[in-house]
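Worksheet: one structure, shown below.
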Amino acid sequence: MSIFKAQLSSGESIAVKVNGAEVRVPLGASAASAVLLSGISFSRTSPVDHSPRAPYCMMGVCFECLMTINGVRERQGCMVSAVSGMTIECEGTSGDANERV
Amino acid sequence: MKECDLLIVGCGPAGMSAAIAARRHGLSVVVVDDQPAPGGQIYRNIEANQIAGTLPTLGEDYQAGVSIVREFRASGANYIQNSTAWQINPNGDAYISTLGTSRKISAEYILLATGSMERPAPVGGWTLPGVMTVGSAQIMQKTANAFPGENVWIVGCGPLAIYYAYTLIKQGHRIAGFIETTVAKNKIGAARYWQGALLGHNYLLKGIGYLSRLKFSGMVHIANVESVEILGTGKVERIRWRRKGVWQEIAADGVLLHEGVVPHTQLAIATGCSHEWNSIQGCFQPKSDKLGQSSLDRILVAGDCRAIGGAKVAALQGSIAGIEVARRLRAESVPSGEKEISALMGSADRELAIRTFLDVLYGPRDEIRSPPDNCVICRCEAVTAGAVREAVRSGCQTVDGVKSQLRCGMGPCQGRMCGLSVAQLVSEVRQVSPDGIGPYRIRPPIKPVGFRELAGLAATQSGQ
């Protein structure tokens, strides 16, 4: 269940993989956006209190969006532009890939 | 040997305007931007939205960025995107990371134009998946063409929350409702600044227009909310709020928090600029004069990172800074510099006329400055407000003392999210102004840099 839904009718969209499942996002979206739109319920677990976390600020301030992108761990997903074929891995269960309006 | 005259960190209205002005006077300019394209946050992804034809739906304020971005692209500034300035030295050296490689650029002057960030709004349950910010929703709107899903509520107060809801409804989308935490008695305090509000009548009328559009849309609006809590197991499930002393609850799938914006001071503090407490806005800001000169000779500040004033003011301050640096380096090519700057300052003062009225009206409720004991205020290290109060009572007199004791501020975000909360809590327990307490000591790198990257930087430098 995603807090956001995408409207992909206008403009180009590209495909990335979130935990192996294909997600389509517009060009210009970040890797964290793709994770949010994949329907995932959480993307990370706090190493301190093991609470589930997900992207919060989407602008590089909160560091909740840490994820593995193209094999590189602990990247701020909101600061990385999604490109075609990108593989994104994070914790959490994948919901329905690609929640659309 | 300096590689450029002016290095600007940030490519929003302030950074772009400074680059345009400095270039017009023949300075060599480098702009370092952590985004992939110009615009900062307010004009984020504007070129792509122009091409996609989505501009009209994003509001007039957003569209104002088109001409600035165009002028910036044509200015001849050396634009380094997808890059982070992770350390700035007061002598004008900047360490910049671009896609895994770091380099040093030395400048005569550095302008910090790092903009603003959402005021961290600690409420019970705010770390739950499904809680985000209005700012993050705007970023989803501008970059991912994405909109809130089924049962998502805006919780908080401030012009940005209203503006976002307005653009959503204009685009034919909906929000479940707006739980508004604007403090009722602030209207009385704000009314004292009625003259400023009238001078800024354009802003007032715009705001009234947005509010009536929202009312007309039938959006659920719960006003005068005193306290909020978010509940759920593993994700947002319910929102609780207190209004006129009575608690109510509603099911929800998502929450977009907003309690105004504050200067993003991370880099300025790490560089060593002195900061002061703005008691009306409830935030730290760099000490600066009207030109933007900080406490360090070679460092200037402009835009929201200097003090919250909005996009128009940011652009004016950026222009002033660009001309001022040109005057210092090339006085002969800036004959009417003083006049230009004076005119720009006049315009900035006019744009700022309504500021205090808005700041007082939308000042966050006491609960934000002083969260309940069981509320997490450091998200990274899961430290509660109560733990901070206890640490101060048991002897930690400073924010850094609290940091050493509890680890708040030591997590990945390096104190960006908890800094204001901890300063305000120390201030509250010690009964002194946050001005006497100051922000966390922040040490570079202000974003993580890998060892291999640092080694590469050292190798390049020793090879010079």
**Item:** Odd one out for B:Gln50 among (1) away from chain A (no Cβ under 14 Å); (2) open to solvent by 40 Å² or more (accessible area, probe 1.4 Å); (3) not charged (D, E, K, R)
**Value:** (1)
**Request:** Please specify each residue of region A:46-72 satisfying the condition of being touching a Ser or Thr at 6+ places or on another chain (Cβ under 7 Å) and either open to solvent by 40 Å² or more (accessible area, probe 1.4 Å) or over 19 Å from B:Cys418 (Cβ atoms) (or both).
**Result:** A:Pro52, A:Met67, A:Asn70
**Request:** Test B:Pro129 against the criterion of being at the interface with another protein chain (Cβ under 7 Å from one of its Cβ atoms) and part of a loop (DSSP other than H, G, I, E, B), and give yes or no.
**Result:** yes
**Request:** Specify the residue that is surrounded by the most Cβ atoms within 10 Å (Cβ to Cβ); the eligible residues are those in region B:75-100 that are within 14 Å of chain A (Cβ to nearest Cβ) and in contact with a helix residue (DSSP H, G or I) (Cβ under 7 Å, 6 or more places away or on another chain).
**Result:** B:Ala85
**Message:** For region B:418-440, check the following and say yes or no: at least one residue is within 14 Å of chain A (Cβ to nearest Cβ), open to solvent by 10 Å² or more (accessible area, probe 1.4 Å) and under 19 Å from B:Met117 (Cα atoms).
**Reply:** yes
**Prompt:** How about region B:44-73: which of its residues are in a loop (DSSP other than H, G, I, E, B) and free of Cβ contacts under 8 Å to residues at least 40 places away in the same chain?
**Reply:** B:Gly53
**Fill in**
B:Gly135 passes all but one of the listed conditions (1) open to solvent by less than 10 Å² (accessible area, probe 1.4 Å); (2) facing another protein chain (nearest Cβ under 7 Å); the exception is number (1)
**Asked** Restricting the search to region B:332-365, which residues are charged (D, E, K, R), touching a residue at least 40 places away in the same chain (Cβ under 8 Å) and open to solvent by 40 Å² or more (accessible area, probe 1.4 Å)?
**Response** B:Arg350, B:Glu351, B:Arg355
**Request:** Taking the options A:Ser43, A:Ser38, name whichever one is of a type in the set (S, T, N, Q), within 8 Å of another protein chain (Cβ to nearest Cβ) and either crowded, with 24+ Cβ neighbours inside 10 Å or free of Cβ contacts under 8 Å to residues at least 60 places away in the same chain (or both).
**Result:** A:Ser43
**Asked** If we scan region B:168-189, do we find a residue that is within 14 Å of chain A (Cβ to nearest Cβ) and small (Gly, Ala, Ser)?
**Response** yes
**Request:** Read through the list (1) open to solvent by less than 30 Å² (accessible area, probe 1.4 Å); (2) among the hydrophobic types (A, V, I, L, M, F, W, C); (3) closer than 26 Å to A:His50 by Cα, then give the number of the only condition that B:Met410 fails.
**Result:** (1)
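The values are calculated or read from the model by the stated rules, or taken from the named source; none is laboratory data. As the structure is a prediction and not an experimental result, all values here were calculated from the model. Counting neighbours? That spans all protein chains shown, and the Cβs are built from the backbone with ideal geometry, glycine included. Just so you know, the surface numbers come from the protein's heavy atoms only, side chains and all, with ligands and any DNA or RNA stripped out. Shrake-Rupley method; radii C 1.70, N 1.55, O 1.52, S 1.80 Å.
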